[in-house]
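Notes follow the structure.
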Amino acid sequence: MEYSNPHTIELIPVIEKWWHNDQLTSPDGSLSEVPAKWELYNQQAAVLAGYTTPWVPYSEGHHLYRFSDFTDNNLVKFIQEHIGETLDDGGEWDDIRVFNGGFVLRVGNEDRLFPGCCSDLLNIHDWEDLENCQEGYSFFNGHPEPYVSQNIESVTIDLSRTDEKSSYHGTASPKIILNKVLLREAIVQAKKKLQAFAERLSNLEQAHQLGIPDIGRLLVWNG
């Protein structure tokens, strides 16, 4: 079955945060099987980690979070943790990576593809490269990496073709056909959201005197 929708394409920026606490017992079952239990686990882990306001996930129990769903307090603490993972281990500012996460591909009213393992906000450049890909191009949106092909009007992401054994989180339809004009506009809008988020980080850095140089470049653009 192939799926395409000529009306809307959206790339939704998200940040990844996995929760773990040794004081808690992980739910039996996967996220798709018991989302409510994972949501409870995540919220309890957040409290134990010192967060005072609930995290709002992309969907129940999920480990991805929209920019707009971060409270300022949670975002400041998360920034400090992210920075500390590198600096506390002897790293330098330039060693700090942008936020993990990436972009949820939403076509029409359906989430078609989620960022996979090892993806981050820099994957916006991989989305930009799709338009000029060659047959059999391996598209990186995290792992696994689907094969991609293109013609004059569209790009096809084939979820059934990959050299990796990991599975995709999203709908079961194996092919996603994206109109190039709509994809370009989705990329433009996603980059605007990245810029707005970088500006929000800068404002928070100044308001809370975090002492983080060029925070937007450091955590969003890395360049």
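The values are calculated or read from the model by the stated rules, or taken from the named source; none is laboratory data. Only a predicted model underlies this, so the values are computations on that prediction, with no experimental measurement involved. Neighbour counts are summed over all protein chains in view; Cβ atoms, including those assigned to glycine, are modelled from backbone coordinates with ideal geometry.
List of remarks:
- Failed criterion for HIS7 (all others in (1) modelled with pLDDT under 95; (2) within 25 Å of LYS193 (Cα to Cα); (3) outside any loop (DSSP other than H, G, I, E, B); (4) of a type outside the set (Val, Ile, Thr) hold): (3)
- Here the condition is being assigned to a strand (DSSP E or B) and either under 26 Å from SER59 (Cβ atoms) or at pLDDT 85 or above (or both); of ILE124, ILE83, ILE176, it holds for ILE176 alone.
- Hits in region 185-201 - residues which are crowded, with 16+ Cβ neighbours inside 10 Å and not aliphatic (A, V, I, L, M): LYS191, LYS193, PHE197, ARG200
- Of the residues making up region 127-155, those that are modelled with pLDDT under 85 and part of a strand (DSSP E or B) are TYR137, SER138, HIS143.
- Residue in region 86-97 that is farthest from VAL56 (Cα to Cα), counting only those that are of a type in the set (D, E, K, R) and in contact with a Ser or Thr (Cβ under 9 Å, 6 or more places away or on another chain): GLU92
- Any hit, region 10-28, residues being on the phi > 0 side of the Ramachandran plot and not assigned by TED's automatic domain parsing to the domain that holds ALA186: no
- Candidates are the residues of region 92-108 that are assigned to a loop (DSSP other than H, G, I, E, B) and within 19 Å of TRP221 (Cα to Cα); the one that is farthest from the chain's Cα centre (by Cα) is GLU92.
- Selection status of GLU131, touching a residue at least 24 places away in the same chain (Cβ under 8 Å), surrounded by fewer than 16 Cβ atoms within 10 Å (Cβ to Cβ) and charged (D, E, K, R): yes
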